[in-house]
Amino acid sequence: MASLHDGGVGDPDAILLTTNEMATFVADGVLVFPAVVPDALNRLVLAELPSLLAEKLAVLQGQPPPGGVPPPATGTPFDELRCGTAIAEVLALPRVRGIVHSLVGPGARYDHDFVHHLRAGHPNRQHLHPDAIVDSADPAFDVQLFYYPHEVAAGGGGTRYVPGTHLRRVTSTTTARYQHVVGECFHAGPAGTIAVFHHGLWHAGHDNPGPVDRWLYKLRLNPAVPQVRLWDTSDLDRRHNPPTDHVFAAADPSSVAAILRRTHRWQSTDASRYDLVERIRLWRHLTGDPGYDVDRYLTRLDRPGIDLGADGG
Amino acid sequence: MAERQHVLHLWLAAAALDTDVKAWASHGAPPGEARRFDGPEPPYRTGVDALADGWSLLQAPGPIGIDAANGELGCEFVFERNEPIE
């Protein structure tokens with residue numbers, strides 16, 4: 001396999017994701033980067049978010065945006081978003097550009113953004129949902145950046161999410177029934193934290209039991225190119241295991257397979273295997289390797305009726 | 001004494017009552033017990049533990065097809081318990 005360190009072409013300052021982080025994203029559907037935005041910039045954004053929220057609400061109600069500046073249209077290139085604002089400065093940070101480039105590539109397109117504001121003590125709680133209401137089985141995916149410009153304390157009701165649920169084929173109608181899932185997480189972390197979600201990850205806004213208002217800027221991005229080898233692939237040849245890697249035979253504990261096999265508490269043994277198959281399919285897509293496998297699941301499916309070996313079994 | 005229905009949904013690891021709770025939802029918990037059913041850990045380890053605590057089983061899952069294996073949490077058991085209205 002060719003070693004392609006191609007993720008940073010055209011943007012040498014971007015801090016790309018590692019193979020370890022990409023495999024973790026495939027397994028969990030989420031990566032969290034604490035305090036990647038400097039405090040001074042967080043404060044500028046916090047001052048800006050009320051007017052951005054007013055813009056979003058005006059558009060939802062069919063009204064002209066306050067101030068007369070039209071909001072960005074869906075399809076706007078990522079690096080042209082909200083020019084001249086503090087939000088644009090956040091999106092231009094090398095770490096943020098690298099996250100976006102690694103997952104949805106150069107020229108990623110704006111889908112939409114939103115500002116979530118929950119007043120102190122507000123009891124509002126969303127039902128658990130993915131953001132994949134209308135979706136296909138195509139492994140291509142959108143990402144959603146969740147940017148928290150202020151600290152969210154533990155127990156402060158930060159965004160709820162369930163790692164590992166992103167590749168399930170479900171509707172929001174169904175996931176709304178689950179008030180709690182074992183292993184669910186509630187965001188807590190310092191100011192300037194950014195979490196990036198696969199669009200299928202089950203999540204929900206939570207009530208705000210704390211004494212301060214909570215603000216969140218959320219941005220959904222679409223890929224504009226095939227999502228193949230866009231991260232820092234300098235170690236991919238070493239980590240990308242051969243399809244013979246099998247946990248009940250010979251397995252390399254430093255391989256991508258070891259990360260994809262990680263289970264979450266909500267998964268039963270059987271369920272974890274179905275989820276693993278979906279992760280393998282996504283890793284095939286991300287690496288452009290149609291023969292990649294873990295524990296022989298897809299190799300077996302790809303060769304129905306002829307998997308008896310040269311000796312005929 | 002007047003009573004009201006308290007409904008408990010448990011999604012278990014398999015279609016057997018003695019397997020672990022993976023997800024849950026509760027409607028109609030008495031005020032004093034609301035936190036128990038709305039906390040970070042399940043109110044019972046298994047479905048059998050719920051039976052032992054006085055819950056009546058209303059619904060158990062039927063066969064779960066292989067096509068549904070990568071979708072919803074399928075092994076849903078529904079229980080009820082009548083609670084006194086305080």
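The values are calculated or read from the model by the stated rules, or taken from the named source; none is laboratory data. Everything quoted here is computed from the prediction, not taken from an experiment. When we count neighbours, we look across all protein chains shown, and the Cβ atoms used for this are built from the backbone with ideal geometry, even at glycine. For accessibility, only protein heavy atoms count, side chains too; no ligands or nucleic acids. Shrake-Rupley method; radii C 1.70, N 1.55, O 1.52, S 1.80 Å.
Just checking the listed ones, A:Arg238, A:Arg95, A:Arg261: in the Gaussian network model of chain A with Cα springs under 10 Å, the one fluctuating most is A:Arg238. Mean partner shielding of peptide B:2-14, defined as the number of other chain Cβ atoms within 10 Å of each residue Cβ, is 2.
Per-residue mean of foreign Cβ neighbours for A:242-255 is 0 (Cβ atoms of other chains, 10 Å radius). Its Cα gyration tensor gives the range B:22-61 an equivalent ellipsoid; the semi-axes, largest first and in whole Å, are 17, 12, 10. The mean sequence distance of close C-alpha pairs (under 8 Å, at least 6 residues apart), as a share of the length of chain A, puts its relative contact order at 27 percent. The H on the amide N of B:Thr46, modeled in the peptide plane, is under 5 Å from the matching H of B:Val21, each at least 5 residues off or on a different chain.
Listed values for the range B:60-71 are Karplus-derived 3J(HN,Hα) couplings in whole Hz (6.51 cos²θ - 1.76 cosθ + 1.60, θ = phi - 60°), namely 10, x, x, x, 10, x, 5, 5, 8, 5, 10, x, and x replaces Gly and Pro.
Taking amide H as placed 1.01 Å from N in the peptide plane, the amide H of A:Val143 sits under 5 Å from that of A:Leu221, each at least 5 places away or on another chain. At an R0 of 35 angstrom, the distance between the Cβ atoms of B:Asp18 and A:Ala251 translates into a FRET efficiency of 0.65. Taking 0.36 nm per residue of separation and subtracting the current Cα-Cα distance, fully stretching the chain between A:His112 and A:Arg273 would add 54.6 nm. Counting only complete DSSP H runs, which helices of chain A cover 24 Å or more along their long axis at the Cα atoms and score a mean Kyte-Doolittle of 0.0 or above? Long hydrophobic helices here: A:39-60.
Relative contact order for chain B: 42 percent, from Cα pairs under 8 Å spaced at least 6 residues apart, divided by residue count.
Across the range A:211-233, the residues whose backbone nitrogen lies under 18 Å from the label position 7 Å along the beta-carbon direction of A:Ser136 are A:222-228.
Here the 3J(HN,Hα) profile of the range A:220-229, calculated from phi with Karplus coefficients 6.51, -1.76 and 1.60 at θ = phi - 60°, is 9, 10, 9, x, 10, 9, x, 7, 10, 6 Hz, Gly and Pro shown as x. What's the carbon and sulfur percent of the range A:185-281's accessible surface, probe 1.4 angstrom, rounded to a whole number? Here carbon and sulfur together make up 57 percent of the probe-accessible area. Each of A:Ala35 and A:Lys56 was given a label point 7 Å from its Cα along the Cα-to-Cβ line. The distance between the two points is 2.6 nm. Summing both sides, the accessible surface hidden between B and A at a 1.4 Å probe radius is close to 1900 Å². Once the 1.4 Å probe is applied to the protein heavy atoms, the range A:236-302 comes out at 47 Å² accessible per residue.
What FRET efficiency do you get for A:Arg303 and A:Ala47 if R0 is 56 Å and r is their Cβ-Cβ distance, rounded to the nearest 0.05? Efficiency for this residue pair is about 0.40. Per-residue 3J(HN,Hα) values for the range A:150-159, derived from phi via the Karplus relation 6.51 cos²θ - 1.76 cosθ + 1.60 with θ = phi - 60°, read 9, 5, 10, 6, 4, x, x, x, x, 2 Hz in sequence order (x marks Gly and Pro). Applying 1/(1 + (r/R0)^6) with R0 = 25 Å to the Cβ-Cβ distance of B:Glu80 and A:Phe186 gives a FRET efficiency near 0.30. In the elastic network of chain A, a GNM with C-alpha springs shorter than 10 Å, the most mobile of A:Thr263, A:Thr175, A:Thr233 is A:Thr175. Taking the centroid of alpha carbons for each part, the range A:169-246 and the range A:71-130 are 14 Å apart. For peptide B:68-78, the mean count of partner chain Cβ atoms within 10 Å of a residue's Cβ comes to 5. When the square roots of the Cα gyration tensor eigenvalues are ordered a ≥ b ≥ c, the ratio a/c for the protein assembly as shown is 1.5 or more and a/b does not exceed b/c, which makes its shape oblate. Here the sum of -39500 (n - 2.57) over DSSP H runs of 4 or more residues, divided by the residues of chain A, equals -8000 deg cm²/dmol at 222 nm, to the nearest 500.
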